[in-house]
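This is the structure, below, for whatever I ask next.
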Amino acid sequence: MEKEINGFISYLHNIKKTSINTELSYKRDLGKLRQYLEEKRITDVKDITAEILENYIVYLEDNHFAAATILRNVASIKAFFHYLCKEGIVETDVSTGLKAPKIKKKMPEILTPEEVVWLLEQPKGDSPKELRDKAMLELLYATGIRVTELITLKTSDVNLQMGYIICRDGNRERVIPFGAAAKKALTNYLEKARNVMVFDLQAEILFVNCSGQPMSRQGFWKLIKYYAKKAGIMADITPHTLRHSFAAHLVENGADLRSVQEMLGHSDISTTQIYATLTHNRIREVYAKAHPRG
C-alpha cells in the first residue's frame, strides 16, 4: 500500500499542484490508515472493502479522535480511492459511501478593531527584536496571510515602493497589498534591524529569530501570546486570529467577498462566506443593544 500512497502524493504534487502542507496532511492520514490495515494483515489495496473502511472510522471514533480529524481522514481516504479508481489500480471505489461524524462549524475567534490596535502597539521599542516583532504583526494583520506564509517570505517577495507582497502556496502565487502602517514597520525593520539579526547577509528569508535563523511557527506563536497578554487581551488568540480579524474587518467595512477570497487564498468562496455571517451577527448584536425597541 505504501507504493500506492507514494504514487498518489506524486500525482497531487505533479498534476494537481497541491501545496506541501496539503500533501503532508494526506500522507499522514493515509499512513495512519496503512498502519491500521497492516495490523489487520491487509497490505494490498485490492483487498480493502467498504466494511473495512467503515470499521476504521469506528476505530478512530472509539479512540477519541476529534470529529474534525475524522472528517479530514474521510476526505483523504475518498481522494485516495478516487485516484486508485482513476488509475485503474482498483476496479471499484469502495469509499463512496463512507461517512464521517457531523461537526458543528465553530465560528472563528476575531478581535475587535480596538483590540487589534492594542496588540499592534505593544512592540514600542527600537531594539532589533521589537522592530522585527512590530513588522511581523503589522504585516500579518495587513495581509491576512497564514503564519507559515509569513515566516517563509523572502526579501524579494516584498515590494515596499508599490506596497504589496507576493505570497506563494505550492505552485500558486497571489499578490496582496498592504497599507502605510505595515510599510513603515517593514521599512524600519529592513533598514535598522534585519542586518543586525541575520548572520548571512546573502540570506533571502525576510524574518529571522534572535539566532539569525528563520523564524519558526512556535516562535511566532509565543510572540503573539506575549504581546496579547501585554495588551490586556483576554481572548486566547493565535496567529490565525489575526487572519480571521483581517478578513472580518474587511467584509465589515464593505469589501466584496471575491476580493477577500483572493487575498486569503481560499479555493472555495464558501470558506470566505463565514466572515459575512460574522458581520451579520455583529450587526444584529449592535442593533439589539442600541435600538430603543431592539
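Report the local net charge at residue 148: Lys and Arg +1, Asp and Glu -1, summed over other residues whose C-beta lies under 13 Å from its C-beta.
+2
Follow-up question, since we're still on this one. Could you size up the charge dipole of region 47-127 around its Cα centre, putting +1 on the beta carbon of Lys and Arg and -1 on that of Asp and Glu, and report it in debye to the nearest 20?
The dipole magnitude comes to about 240 debye.
Using the heavy atoms of the protein chains and a 1.4 angstrom probe, tell me the accessible area per residue for the chain in square angstrom.
About 57 Å² of surface per residue is accessible.
With each label point set 7 Å from Cα along the Cα-Cβ vector, what nm distance links residue 127 and residue 216?
Here the answer is 2.0 nm between the modelled labels.
So how far apart, in nm, are the two label points at residue 28 and residue 259 if each is 7 Å from Cα heading toward Cβ?
So the label points at residue 28 and residue 259 sit 3.5 nm apart.
My understanding is that a pair violates if its Cα-Cα distance is over 30 Å; which of 154/225; 17/46; 40/78; 16/184; 16/99 do that in this structure?
The pairs that break the limit, which is 30 Å between Cα atoms, are 16/184.
Need the list of lysines near residue 229 for cross-linking: C-alpha distance under 22 angstrom, and skip anything on the same chain fewer than eight residues off.
124, 129, 134
How long is the gain from residue 14 to residue 240 if the chain were fully straight, where each residue apart is worth 0.36 nm and the alpha carbon distance is subtracted?
Contour length minus Cα-Cα distance gives 78.5 nm.
Going toward the positive end of the dipole of region 35-118, with +1 on Lys and Arg Cβ and -1 on Asp and Glu Cβ, which of 118, 76, 95 do you reach last?
It is 118, whose Cα lies furthest towards the positive end.
So if we plug the beta-carbon distance of residue 114 and residue 271 into 1/(1 + (r/R0)^6) with R0 = 35 Å, what FRET efficiency do we get, rounded to 0.05?
On the way: r = 27 Å, r/R0 = 0.76.
According to the calculation, E is roughly 0.85.
Related question: When the convex hull of the Cα atoms of the chain is projected onto a plane and the area is averaged over all directions, what value comes out in nm²? Provide the component values of the computation, followed by the final result.
Working: hull surface 78.7 nm².
Hull-based average projected area comes out at 19.7 nm².
Efficiency by 1/(1 + (r/R0)^6): what FRET value for residue 226 and residue 162, r their Cβ-Cβ distance, R0 = 30 Å, to the nearest 0.05?
Plugging the Cβ-Cβ distance into 1/(1 + (r/R0)^6) gives 0.40.
Which of the aspartates and glutamates could be linked to residue 32 by a straight reach, that is with a Cα gap under 13 Å, when you skip same-chain ones fewer than 8 residues away?
Partners found: 2.
Expressed as an acute angle from 0 to 90° and rounded to the nearest 10, what is the orientation of the C-alpha long axis of helix 2-11 relative to the principal long axis of the chain?
Long axis of 2-11 versus the principal axis of the chain: about 50 degrees.
Determine how many Å³ per residue the convex hull of the Cα atoms of region 116-220 encloses.
Spread over its residues, the Cα hull of region 116-220 gives 99 Å³ apiece.
Report, to the nearest whole %, how much of the accessible area of the chain belongs to carbon and sulfur atoms, 1.4 Å probe, protein only. Numbers along the way, then the final one.
Values: 8720 of 16840 Å².
It is 52 percent, rounded to a whole number.
The values are calculated or read from the model by the stated rules, or taken from the named source; none is laboratory data. These numbers come from a predicted model, not from an experiment. Here the Cβ is made from the backbone with ideal geometry for all residues, glycine too, and neighbour counts use every protein chain on show. Areas reflect the complete protein model, heavy atoms only, side chains present, ligands, DNA and RNA absent. Shrake-Rupley method; radii C 1.70, N 1.55, O 1.52, S 1.80 Å.
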